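Enquirer: Sharing a structure, written as structure tokens. Questions coming.
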Amino acid sequence: MKYTVSSIDVKFLDFFARSLLQSQCFYQMIVGIASQESFTILLRGAADEVKVYQQAIPYRDNPVSKVIAAVRDDGKMAVESAMQEDKPFELLCFPLPQFHEKAFVLFDSKGFSDCFSDDTRDYLHAKTQSVANLRSQLTGIFESHQSQISRLRKEAATLYFNSQENESSSSVSSERLEEAETLLETVKQSRKKLYTLFDNISVGLCSVDPSRHIVNANSYFSDRIAHKPIRDLVGQGIDPYIGIKEDMTAISEVFESGEVRSLVLDDIPSAGKEKVFSVELFPIYESESIIEVGLLFKDITELMKTQKTFRDFQKFTQKKFRNFDALQKEYNLLSEKYKGLYNRYVTTTRELQEMSKKYKLLGAKYDQSVALLEKGSQGSLMKERVEEQKKRRELVLLLSRQKDMVENLLFERTDVARSFGEGYQRYLHQVSVFINQVENMAGKSNLNSPQVESLLEKTSSLREQLERYTQLIAPVFEVISDLRRRIEAFSRDLDQLVENTNQSAPTAKTPSEHEPISRPLGPTQAAPGEGSPDGIQLFVLS
């Protein structure tokens with residue numbers, strides 16, 4: 001029997017061989033068709049070369065012929081031992097009915113081991129069947145590309161024969177042929193990139209059949225989640241590797257409805273207790289029927305840790321904000337004290353202005369008294385002068401005490417307001433910085449799970465509260481600035497008033513050397529022990 005290999009068969013056999021060679025658990029593979037008298041080799045694949053050709057070989061008395069004949073007759077897996085250069089190895093053969101009713105695929109363990117282990121046999125069988133099941137789907141794709149190429153070739157031939165002497169038509173034909181070759185090369189490169197992407201992507205990918213057995217998996221899933229080689233995973237149930245029982249209904253629901261589902265798993269036994277994965281389940285179609293369900297695993301451990309930290313921090317901030325009412329009352333009390341202080345400041349300023357006027361009048365009377373004393377009318381004015389000096393000293397003492405009291409009170413209230421405002425401003429700034437970190441982490445994760453959406457809603461709500469509290473704190477700093485300006489103005493006024501008082505105090509006149517000493521009677525200060533109970537020194541006549 002002679003089997004004709006079509007161009008589409010060549011493409012599929014090349015795809016089939018390269019997919020199986022990625023497992024790296026055998027030395028060489030052969031695909032062929034077995035008849036009663038001979039078998040025809042269609043493909044021979046090894047790590048360094050994949051070659052599609054046709055070679056008819058009669059059956060001989062050797063292990064290769066025996067294992068192929070066994071598969072031909074029984075339609076089941078067959079195993080034969082072989083020897084080459086005193087080194088034993090094993091031949092493993094499976095039927096391949098997806099390609100042809102008498103097709104087979106043969107593997108040998110030369111250079112790997114003396115024989116195939118049971119796990120390796122199961123893996124190669126499952127891998128062979130899963131890739132062979134893609135034949136109809138890939139054939140449709142190849143036929144589509146082949147029809148495009150045939151159409152381009154027909155158009156090129158038509159242009160060539162209709163216009164043999166037209167150089168431009170000949171050029172168009174060449175361009176169409178080049179376009180067809182480019183299309184073929186693009187298909188090959190795309191297929192190669194697809195395999196590379198699937199195996200090297202930084203998320204876990206696997207697919208399961210309706211019985212929840214693993215059909216295919218990439219390196220991330222085998223290394224990070226299952227912690228087993230891919231060949232040991234294919235054909236095994238997925239349940240032990242992801243540790244979910246109640247959520248297994250999600251896989252069945254995807255098979256039934258064809259809708260995408262999302263899960264968050266934090267109890268995968270093989271990945272570790274601290275690992276958390278976001279799992280997307282999606283259907284895989286063939287001929288409008290769901291044949292497999294794909295599972296995409298993404299590690300969201302750091303995001304979940306951040307979310308937990310945020311929840312703890314949110315509880316802390318809620319506790320702080322519950323105390324904000326008390327702080328608001330304290331702020332209102334501070335404002336009332338400031339209003340009372342300001343009223344007292346106005347009253348004190350008025351009193352000082354009145355005292356200043358009285359002081360000027362006393363100064364004028366004192367000057368008049370001195371003039372009268374110099375003229376000799378000292379007897380009647382001596383008592384009045386003593387009283388004026390006593391009132392002047394009492395006024396200066398009162399001014400000093402009032403100035404110190406008001407300044408201390410103003411400085412005390414300013415410090416309280418500043419400490420209150422700056423403390424809460426620092427606290428609100430720390431909360432704002434943490435919210436920015438949480439939002440950046442959630443944005444970088446590129447996830448659309450309900451947990452992330454809830455996290456972002458909470459951060460938005462907390463940010464609105466921060467803005468409201470910031471607006472409430474702002475008047476405190478306005479009060480502080482106003483207090484500082486009033487303290488400075490009040491201090492300048494008091495200093496100027498005391499300075500004027502001291503400058504206006506009378507001084508004794510020093511006589512010259514040639515002027516005869518003739519002093520009128522005037523008051524002198526009494527001894528320290530003699531004075532009024534409030535500390536004002538009395539004056540006596542000398």
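Enquirer: Report ³J(HN,Hα) in whole Hz for each residue of region 5-21, in order, from the Karplus equation J = 6.51 cos²θ - 1.76 cosθ + 1.60 where θ = phi - 60°; Gly and Pro get x.
Expert: Taking θ as phi minus 60°, the curve returns 8, 7, 5, 5, 4, 4, 5, 5, 4, 5, 4, 4, 5, 5, 5, 6, 5 Hz for region 5-21.
Enquirer: Mind pulling the per residue volume of the convex hull built on the Cα atoms of region 7-133? Å³ is fine.
Expert: Expressed per residue, the convex hull around the Cα atoms of region 7-133 is 104 Å³.
Enquirer: Between their Cα atoms, which of 102/228; 228/315; 110/228; 337/365; 154/188 are more than 31 Å away from each other?
Expert: The answer is 102/228; 228/315; 337/365.
Enquirer: Given a Förster distance of 22 Å, report the FRET efficiency between residue 212 and residue 22 from their Cβ-Cβ distance, rounded to the nearest 0.05.
Expert: According to the calculation, E is roughly 0.40.
Enquirer: Tell me, what HN-Hα J-couplings in whole Hz come from the Karplus equation 6.51 cos²θ - 1.76 cosθ + 1.60 at θ = phi - 60° for each residue of region 251-260, using x for Gly and Pro?
Expert: 5, 5, 5, 5, 4, 7, 9, x, 9, 6
Enquirer: Here's a follow-up. Could you calculate the FRET efficiency of residue 440 with residue 489 from 1/(1 + (r/R0)^6), where r is the beta carbon distance between them and R0 is 45 Å, rounded to 0.05?
Expert: For R0 = 45 Å, the calculated efficiency reads 0.40.
Enquirer: When the Kirkwood radius is taken over all Cα pairs of region 204-299, what Stokes-Einstein diffusion coefficient follows at 20 °C and 1.002 mPa s, in µm²/s?
Expert: Answer from the Stokes-Einstein relation: 162 µm²/s.
Enquirer: Within 10 Å of each residue's Cβ, count the other Cβ atoms and sort 112, 107 from fewest upward.
Expert: By the 10 Å Cβ count, ascending: 112, 107.
Enquirer: What are the ³J(HN,Hα) values, in whole Hz, obtained from phi via the Karplus relation 6.51 cos²θ - 1.76 cosθ + 1.60 with θ = phi - 60°, for each residue of region 217-223 in sequence order, with x given for Gly and Pro?
Expert: 3J(HN,Hα) across region 217-223, in whole Hz: 7, 9, 5, 4, 5, 6, 7.
Enquirer: For a quick check of your reading of the filter: which trypsin sites (Lys or Arg not before Pro) in region 31-122 sit in a DSSP loop and have no more than 14 other Cβ atoms within 10 Å?
Expert: 60, 76
Since every read-out is calculated from the coordinates, none of them should be taken as a lab result. Here the structure is a predicted model, which means the values were calculated and not measured. All Cβ positions, even for glycine, are placed from backbone atoms using ideal geometry, and neighbour counts span all protein chains on display.
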